[in-house]
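A.B. asks: I am attaching a structure below and will ask some questions about it afterwards.
The values are calculated or read from the model by the stated rules, or taken from the named source; none is laboratory data. From a predicted model like this one, the values you see are computed outputs, not experimental measurements. Because the Cβ atoms are built from the backbone with ideal geometry, glycine has one as well, and the counts that use them run over all protein chains shown.
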Amino acid sequence: MAALSRLRSGATLLSGNMADMLFPLLRNIALSHTLPREQYGLAISLSVVAAFAELATDIGIQYSAVRGHAEADPDEVYGTLHAVALIRSVFIALVLLAAAPFVVAALDVPQALWAFLLLPLVSLVRGFQNLGVKELTRTYEFWPDAATLVAAQAAWTVVSVALALVFRDYSCMLFGIVGGAVVGVVVSHLMARRRWRLCWNRAVARDAQSFGRPLIPNGMANAFSIMGDRLLVGSALGVATLAQYSNAMGTALIPRGQLIKFLTSIYLPALVGLKPADPARSHILDRWAAWLSMAAFAYGIGLLAAGRPMIGLVFGSAYEPSQLLIGAIAIDVCIKSLLAFPVPPCLAAGQTRFLLRGSIAGAVAVLLAALTIPLHRSLAGFVFALAAGESLVLVWIVWRTLVLHPFSRGLAWFLVLFPVGAILGLVAVSAAAEPLPLPEWIGLCVLYGGLGLLAYVLALRARGVGLRDMVSMGSVAEVLG
């Protein structure tokens with residue numbers, strides 16, 4: 001029964017995560033086929049600004065709700081956390097209100113000022129969410145929180161797409177975001193078992209502040225590295241170009257995020273269960289690096305092979321990227337995947353400051369890439385510049401990680417540099433040669449990928465790691481029992 005209960009809890013948690021991934025994708029597909037390109041770009045910019053504000057001011061209030069506070073009355077704890085959440089939402093709303101004229105000027109869309117001035121409503125509404133649904137996850141009751149998330153995303157999608165069919169302009173996104181926020185708040189109140197209330201306990205508020213303050217720099221860096229590129233592209237190249245960039249890069253990054261989450265969930269528990277001096281640690285780290293590297297390589301080759309026609313098929317021919325742009329995205333997504341190289345060992349060792357420095361370095365790379373836009377005025381040029389900056393960040397991160405953790409150095413550098421170099425080589429060949437018919441191009445990519453996987457097998461065998469070791473997980477299975 002316990003195993004079945006855990007399985008159900010895991011399935012519920014997975015459904016919430018899948019909804020958070022699939023609904024935005026489905027929403028963007030529908031809007032790209034419904035709205036004119038510039039209107040779609042404006043709609044995307046509204047959602048990006050809203051998401052940027054939430055990420056940049058993340059103080060981990062949801063984690064504080066899960067942690068609770070053992071020395072205070074639970075009603076006071078959650079009443080205080082609701083008050084903190086409401087104060088944060090008011091702060092976000094004021095920042096969005098003050099920033100609206102500047103955002104509109106940067107995007108050169110004065111006609112949309114009213115929409116950006118109303119965007120703070122979203123933050124104000126979300127401030128009234130009942131954190132009781134987060135409290136329930138402490139006892140592995142994930143379905144109330146998942147139901148809240150699914151209902152909010154579904155409402156956002158239905159409202160925005162329905163209004164797009166009627167009005168055919170960007171306002172559909174504003175009302176969709178507001179509608180999703182309202183539904184999410186209502187469902188959270190229906191699902192929570194604790195009544196929403198406001199009160200103030202200094203100890204609880206101080207604890208939430210102490211917990212959340214270190215998260216703010218990381219949130220700001222993540223917001224800029226995840227969403228900043230879209231705002232910079234929109235301001236430098238226009239909202240119509242932002243629409244194409246968001247579809248191409250956003251779609252490419254979705255599987256990458258889920259893949260890294262999956263691999264991390266496998267290797268992090270194994271590393272946590274080992275002492276720093278345990279010899280098995282090096283073997284586990286090498287296998288983590290090998291799987292991450294092969295996944296980055298295979299995904300990059302897949303993007304090169306079929307990314308262009310797939311994006312054109314899904315979003316419409318108007319949004320089909322050039323082969324050069326999809327090549328740049330394939331290289332950058334490969335590098336972004338490899339930037340997760342230090343995540344499991346550093347999380348297991350509590351080295352979060354190092355991860356924060358990596359996030360800040362990634363944000364700087366985005367800014368430097370944006371500064372090159374006046375030189376080339378192209379999306380492909382921006383993504384190549386972004387990949388170049390992030391490759392320098394990757395080299396620094398790997399070098400520091402090898403100092404901190406017992407990876408096999410030679411193998412680690414091969415696993416990091418080989419996929420980037422291999423994909424870059426194929427992109428260079430495709431740019432220099434005459435375009436091939438799609439079936440022949442896919443066949444060439446498959447052959448190239450097969451040769452790359454053979455190189456992995458040979459490199460791993462040279463280190464005494466066979467295919468059976470990689471599949472069986474070797475000592476990872478022993479650590480996990």
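A.B. asks: Out of (1) modelled with pLDDT under 95; (2) closer than 30 Å to E38 by Cα; (3) among the β-branched types (V, I, T), what's the single condition that is false for V66?
C.D. replies: Checking V66 against (1) modelled with pLDDT under 95; (2) closer than 30 Å to E38 by Cα; (3) among the β-branched types (V, I, T), the one that fails is (2).
A.B. asks: While we're looking at this one, here's another question. Could you tell me how many of the residues in region 335-383 are in a helix (DSSP H, G or I) and of a type in the set (S, T, Y)?
C.D. replies: Result for region 335-383: 3.
A.B. asks: Next question. Looking at G300, G307, G327, can you tell me which residue is in contact with a Cys (Cβ under 6 Å, 6 or more places away or on another chain) and either in contact (Cβ under 8 Å) with a residue 12 or more places away in the chain or in a helix (DSSP H, G or I) (or both)?
C.D. replies: Checking each option against the conditions leaves just G300.
A.B. asks: I need every pair where a residue in region 56-78 that is in the same structural domain as D207 (by TED's automatic domain parsing) and among the hydroxyl-bearing types (S, T, Y) has its Cβ under 6 Å from the Cβ of a residue that is assigned to a loop (DSSP other than H, G, I, E, B) and modelled with pLDDT of 85 or more, sequence separation at least 6 or different chains.
C.D. replies: That search, which allows pairs on different chains as well, returns Y78/L131; Y78/R194.
A.B. asks: Could you identify the single residue in S160, S171 that is in contact with a Cys (Cβ under 6 Å, 6 or more places away or on another chain) and farther than 21 Å from S89 by Cβ? Can you show your working first?
C.D. replies: On the way: S171 fails: in contact with a Cys (Cβ under 6 Å, 6 or more places away or on another chain).
Matching residue, one of S160, S171: S160.
A.B. asks: Sticking with this one: Between V178, V161, V186, V122, which is over 23 Å from the mean Cα position of the chain (by Cα), more than 23 Å from T80 (Cβ to Cβ) and either at pLDDT 90 or above or assigned by TED's automatic domain parsing to the domain that holds R357 (or both)?
C.D. replies: V161
A.B. asks: Consider A53 against the criteria (1) at pLDDT below 95; (2) closer than 17 Å to V159 by Cβ; (3) surrounded by 21 or more Cβ atoms within 10 Å (Cβ to Cβ): it satisfies all of them except one. Which criterion is unmet?
C.D. replies: With (1) at pLDDT below 95; (2) closer than 17 Å to V159 by Cβ; (3) surrounded by 21 or more Cβ atoms within 10 Å (Cβ to Cβ) applied to A53, the lone miss is (2).
A.B. asks: On the given criteria, is V166 farther than 21 Å from I92 by Cα, in contact with a Cys (Cβ under 9 Å, 6 or more places away or on another chain), surrounded by fewer than 21 Cβ atoms within 10 Å (Cβ to Cβ) and of a type in the set (V, I, T)?
C.D. replies: In short, yes.
A.B. asks: Being assigned by TED's automatic domain parsing to the domain that holds S337, out of contact with any Pro (no Cβ under 6 Å at 6 or more places or on another chain) and among the charged types (D, E, K, R) is the requirement here; does R230 meet it? Can you show your working first?
C.D. replies: Numbers: assigned by TED's automatic domain parsing to the domain that holds S337: yes; out of contact with any Pro (no Cβ under 6 Å at 6 or more places or on another chain): yes; among the charged types (D, E, K, R): yes.
Yes, satisfied.
A.B. asks: Right, another one. Within region 250-273, how many residues are closer than 30 Å to L42 by Cβ, in contact with a Leu (Cβ under 9 Å, 6 or more places away or on another chain) and not β-branched (V, I, T)?
C.D. replies: The first filter runs over region 250-273 and keeps only residues closer than 30 Å to L42 by Cβ, leaving 250-258.
Next cut, in contact with a Leu (Cβ under 9 Å, 6 or more places away or on another chain) only: 250-252, 254.
Applying the additional criterion that residues be not β-branched (V, I, T) yields 250, 252.
Residues flagged as closer than 30 Å to L42 by Cβ, in contact with a Leu (Cβ under 9 Å, 6 or more places away or on another chain) and not β-branched (V, I, T) within region 250-273 amount to 2.
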